[in-house]
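Chemist: Pasting a structure below so you can have a look.
The values are calculated or read from the model by the stated rules, or taken from the named source; none is laboratory data. Quantities reported herein were computed from a predicted structural model and do not represent experimental measurements. Cβ coordinates were reconstructed from backbone atoms using ideal geometry, including for glycine residues, and neighbour counts include every protein chain displayed. These accessible areas exclude ligands, DNA and RNA; they are computed on the full protein's heavy atoms, side chains included. Shrake-Rupley method; radii C 1.70, N 1.55, O 1.52, S 1.80 Å.
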Amino acid sequence: MSHTAVIEPTTAVDHAEARPRVEHEPIPFRTVVGVELRKMFDTRSGFWLMIGIAAAGVLATAAVIAFAGDSDLTYDSFAGAIGVPMTILLPVLAILSVTGEWSQRAGLTTFTLVPHRGRVIRAKLAVTVLVGLASMALALSVGALGNVVGTALMGQDTVWNLSPSAIGYIVGADLIGMMVGFMLGVLMRNSAAAIVGYFTYWFVVPTLTMVLAANQAWFEKVQPWVDFSFNQNRMYDGDFTGQDWAQLALTGAVWLVLPLAFGLWRLMRAEVK
């Protein structure tokens, strides 16, 4: 009677020791912020947009010196003239910083290097706020320089008629505009659609609500409680009361915070191609 021995084959893997799993430290948040900051200006659209904002600021300063009357050569006039193009165009930069991951097909690379999308979005938000603050500081500085140079050229006394509180209101209103652009970028994830949506919010909606308030007494009474753009524009006049802040908070929650939250929820689940 014969016995057949079954010999199981062995491989080198059976005897090899398991390699320890290598854990890599996550990319520091400051590095992600730095990358997003460079991406905001490295693209052709971002670069030329910044060139356009700078050129508009220079032209605005020259226009105030050339065409403003003697009584209008004030710090308020120079800072306001420079701030207008920034107020209109900077939110577009915030839009492009978000939509670039989808419109320019950079999302696959970005979210592969930084798998946690929340960190990337927080970095984009931080960059949006930093760029907004830096731009407003630059506008106020250039406005101060234009005020000094312009009044010197015209032989007028230099007038500083912007208080710190007024500057705070202006900066706050401009940051809200940046956040509206950021929200639209997150919500739509398409550059063209978000930019159209922003200019609709900035130009079309205030015109329509103004006409409606002028012709309908009931809407004039409720407008501060339902119109976010109306409350944002009122910030440029300053001197908010407690009720004014409440109206801004309510309309901001409805028209800014809720759409942003919904957009973030969709963005976290959207397929990246």
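Chemist: Check whether at least one residue in the range 111-129 is without any contact (Cβ under 8 Å) to a residue 24 or more places away in the chain, within 30 Å of R30 (Cβ to Cβ) and open to solvent by less than 70 Å² (accessible area, probe 1.4 Å), and report yes or no.
Modeler: No, the conditions are met nowhere in the range 111-129.
Chemist: From the list W255, W265, W245, exactly one residue is surrounded by fewer than 15 Cβ atoms within 10 Å (Cβ to Cβ) and within 24 Å of Y198 (Cβ to Cβ). Which is it?
Modeler: Answer to the check: W265.
Chemist: Consider F203 against the criteria (1) of a type in the set (F, W, Y); (2) surrounded by fewer than 17 Cβ atoms within 10 Å (Cβ to Cβ); (3) closer than 21 Å to L133 by Cα: it satisfies all of them except one. Which criterion is unmet?
Modeler: (3)
Chemist: So, one more: Give the residues of the range 221-232 that are surrounded by 14 or more Cβ atoms within 10 Å (Cβ to Cβ) and not β-branched (V, I, T), sorted by residue number.
Modeler: Residues satisfying the conditions are Q223, P224, W225, D227, F228, S229, F230, N231, Q232.
Chemist: Hey, another quick one. From the list D174, D237, exactly one residue is open to solvent by less than 20 Å² (accessible area, probe 1.4 Å) and closer than 20 Å to I82 by Cα. Which is it?
Modeler: Selected residue: D174, the only one of D174, D237 that is open to solvent by less than 20 Å² (accessible area, probe 1.4 Å) and closer than 20 Å to I82 by Cα.
Chemist: Report, by residue number, each residue of the range 141-166 that is closer than 30 Å to Y201 by Cα, part of a helix (DSSP H, G or I) and open to solvent by 40 Å² or more (accessible area, probe 1.4 Å).
Modeler: Within the range 141-166, S141, V142, P164, S165 meet the criteria.
Chemist: Would you pick out the residues in the range 73-108 that are part of a helix (DSSP H, G or I), of a type outside the set (A, V, I, L, M) and at pLDDT below 80?
Modeler: Answer for the range 73-108, where residues must be part of a helix (DSSP H, G or I), of a type outside the set (A, V, I, L, M) and at pLDDT below 80: G100, E101, W102, S103, G107.
Chemist: Okay, next question. Can you pull out the residues in the range 231-254 that are closer than 16 Å to V180 by Cα and either under 19 Å from the mean Cα position of the chain (by Cα) or among the acidic types (D, E) (or both)?
Modeler: The answer is N231, Q232, N233, M235, L248, A249, T251, G252, A253, V254.
Chemist: Regarding the range 181-198, can at least one residue be identified that is of a type outside the set (V, I, T), assigned to a helix (DSSP H, G or I), open to solvent by 70 Å² or more (accessible area, probe 1.4 Å) and under 26 Å from M40 (Cα atoms)?
Modeler: Within the range 181-198 (the criterion being of a type outside the set (V, I, T), assigned to a helix (DSSP H, G or I), open to solvent by 70 Å² or more (accessible area, probe 1.4 Å) and under 26 Å from M40 (Cα atoms)), the answer is yes, since at least one residue qualifies.
Chemist: Collect the residues in the range 17-46 that are modelled with pLDDT under 80, open to solvent by less than 100 Å² (accessible area, probe 1.4 Å) and not aliphatic (A, V, I, L, M), keeping them in residue-number order.
Modeler: Across the range 17-46, the qualifying residues are P26, F41, T43, S45, G46.
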